[in-house]
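Have a look at the structure below, then the notes.
The values are calculated or read from the model by the stated rules, or taken from the named source; none is laboratory data. Computed from a predicted model, the values in this text were never measured in an experiment. Every residue, glycine among them, receives a Cβ derived from its backbone with ideal geometry; neighbour counts consider all protein chains shown.
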Amino acid sequence: MISHKEILRTLAMIDNQHLDIRTITMGISLLDCAHEDIDECARRIYEKIVRKAENLVATGCAIENELGIPIVNKRISVTPAAIVAGSCRADDLTPIAVAMDKAAKECGVNFIGGFSALVHKGFTEGDRRLIASIPAALASTERVCSSVNVATTKAGINMDAVALMGRVIKETAALTAADGGLGCAKLVVFANAVEDNPFMAGAFHGVGEPECVINVGVSGPGVVHSALKKVKGASFDVVAETIKRTAFQITRMGQLVAQEASRRLDVPFGVVDLSLAPTPAKGDSVARILEEIGLETCGTHGTTAALAMLNDAVKKGGVMASGHVGGLSGAFIPVSEDEGMIAAASGGTLTLDKLEAMTCVCSVGLDMIAVPGDTTAETISAIIADEAAIGVVNTKTTAVRIIPAPGKVVGDSVEFGGLLGSAPVMPVHQESSVDFIGRGGRIPAPMHSLKN
Amino acid sequence: MRGIVTVVGNDRVGIIAEVCTLLASMGVNILDINQTVMQGFFTMTMLVDIGNTETPFETIHSSLKKKGEDTGLAIRIQREDIFNAMYKV
């Protein structure tokens, strides 16, 4: 029998250290929903999502009860809508997002991802119409998330798409100004986007994926933090080992939940995403882990090294615990969703430039960052270009989820509520990037020899 | 299928008897019990067999939870699998 002590340790992780499964995400292919009439296409999309995911939430809740582990979110990701709706004759693809939103509500999931386009090498007509529809789609729906992939290591960076996304983000913020630009919190611009990510807002069901799949995202910053408190002053060898052990345990639990969900729903298991996903709750912060490692405040010198080690140790510990690992796997650093990051950014120690450096070694990128409402589209595009360059050159996924908060200035804060948290408005450089963004075209793919 | 019942709270007379009686009434067989009292704080873990009872897991789960609420204790049941996953390779 498992020892008394181990049982109580697990209960402490769940009760006091926010141990949970962050999401069970069902990926659904919508490739067979294409139709030239947009209303028929939307009807097919709604019908298919509801048919495939009708038992998702109930199954998630049953597993939660039996294993005694909270499963915080049940979500859906679908084929990038630009591919499915590319055949529609309509210019405005908002009805597709409305159908996705309605299906999400019917299934009881809090987010549905995949109002997306993959344009790293260029746009199809469908891609152009979808991207043009993003602001209205995010303003007229509640649960739909959107993402656009503008760069890959193999294709380089589509700078026309980068320029376009700066304008789309500004327009989305304007259309959702009453909610602090909330629409932008549901819009991710990627480089090297992955096809099996279960986490929002960037989840979509890639075209290489099966008809339907279950992906699980684990979490557990609080558990890692708590484990590190017990090795104060120990060397980095001990710190890395402690993180690996903890990540292993968390991921084993994720694997168990994924297998259970897969079996009960009769849907193949895809991947476990080994992520440390923070929440705004106290004790569930990645920034506080970095501080526990020895930094006075997250963002000070040493932060990038600490994050690099944390990210690597999480992967090393988790990878053996799961049959298939995928998604974004690593440590997330969303500013508004992490209590320690909010404090560090509000205090001025954590800056946009430092966050950019951190994204070279963390799992994704500049995430949930509020900037002043008067930040220009070109500046936002330039931030996206920088982030995409990091991803493309380093062969990793990077992303930008940035909110130019309407009417807000540096020092203000934007409240999004729930898991999205609240974001302190951070300063951006005032010097212009207009001519840089105005060039357009593509930045060629980088070479992969002569590495320096 | 096997489950782990945990009972945590302030120590008093009859906790084990009450929980065991409830489990017996639902046809749940107790395979192992481990308990400690530290500074008046009672913790008990039980390995139980829930494979041979007709009572659904959901009923056992909610009955134990209600018992906990009525007696001021934290009582829960979880499938053993979660602990095996975390501690056994």
TODO: Sort out for me the helices (runs of 4 or more DSSP H) sitting completely within the stretch A:56-117 that have 2 or more residues that are surrounded by fewer than 23 Cβ atoms within 10 Å (Cβ to Cβ) and at pLDDT 95 or above.
DONE: A:56-67, A:94-107
Task: A:Asn73 assigned by TED's automatic domain parsing to the domain that holds A:Glu106, over 17 Å from A:Gln259 (Cβ atoms) and among the polar types (S, T, N, Q) - done: yes
Open item on the list: Suppose the filter is closer than 25 Å to A:Leu274 by Cα and within 14 Å of chain B (Cβ to nearest Cβ); does A:Ile24 pass it?
Closed with: no
- [ ] Just give me the residues in the stretch A:246-285 being more than 14 Å from chain B (Cβ to nearest Cβ), at pLDDT below 95 and more than 20 Å from the chain's Cα centre (by Cα), in sequence order.
- [x] A:Lys282, A:Gly283
TODO: Could you identify the single residue in A:Leu366, A:Leu295, A:Leu328, A:Leu276 that is within 30 Å of A:Ile28 (Cα to Cα) and either among the acidic types (Asp, Glu) or free of Cβ contacts under 8 Å to residues at least 40 places away in the same chain (or both)?
DONE: A:Leu366
Open item on the list: Exactly one of these conditions fails for A:Gly411: (1) over 18 Å from the mean Cα position of the chain (by Cα); (2) surrounded by fewer than 19 Cβ atoms within 10 Å (Cβ to Cβ); (3) at pLDDT 95 or above. Give me its number.
Closed with: (3)
Task: Residue under evaluation A:Ala227, criteria (1) more than 20 Å from the chain's Cα centre (by Cα); (2) surrounded by 21 or more Cβ atoms within 10 Å (Cβ to Cβ); (3) in contact (Cβ under 8 Å) with a residue 24 or more places away in the chain, criterion not met - done: (3)
Open item on the list: For the stretch B:36-89: of the residues being aromatic (Phe, Trp, Tyr) and assigned to a strand (DSSP E or B), which is nearest to A:Ile63 (Cα to Cα)?
Closed with: B:Phe42
Open item on the list: Please determine whether any residue of the stretch A:169-188 is within 24 Å of A:Glu209 (Cβ to Cβ), among the aliphatic types (A, V, I, L, M), crowded, with 22+ Cβ neighbours inside 10 Å and touching a residue at least 40 places away in the same chain (Cβ under 8 Å).
Closed with: yes
Open item on the list: For the structure I just gave you, tell me whether A:Asp338 is surrounded by 23 or more Cβ atoms within 10 Å (Cβ to Cβ) and not small (Gly, Ala, Ser).
Closed with: yes
TODO: Would you check which residues across the stretch A:147-162 are surrounded by fewer than 24 Cβ atoms within 10 Å (Cβ to Cβ), assigned to a helix (DSSP H, G or I) and of a type outside the set (D, E, K, R) and list them?
DONE: A:Met159
Task: Hits in the stretch A:272-294 - residues which are among the hydrophobic types (A, V, I, L, M, F, W, C) and either buried (at least 24 other Cβ atoms within 10 Å of the Cβ) or at positive phi (or both) - done: A:Val272, A:Leu274, A:Leu276, A:Ala277, A:Val286, A:Ala287, A:Ile289, A:Leu290
TODO: Select from the stretch B:46-72 the residues that are in contact with an Asp or Glu (Cβ under 9 Å, 6 or more places away or on another chain) and either of a type outside the set (Val, Ile, Thr) or at pLDDT below 95 (or both) and write down the one among them that is surrounded by the most Cβ atoms within 10 Å (Cβ to Cβ).
DONE: B:Met46
Open item on the list: Any residue that is under 20 Å from A:Glu64 (Cβ atoms) and either within 14 Å of another protein chain (Cβ to nearest Cβ) or part of a loop (DSSP other than H, G, I, E, B) (or both) - is there at least one of those in the stretch B:10-27?
Closed with: no
- [ ] Residue by residue through the stretch B:28-47, note down the ones that are on the phi > 0 side of the Ramachandran plot and within 11 Å of another protein chain (Cβ to nearest Cβ).
- [x] none
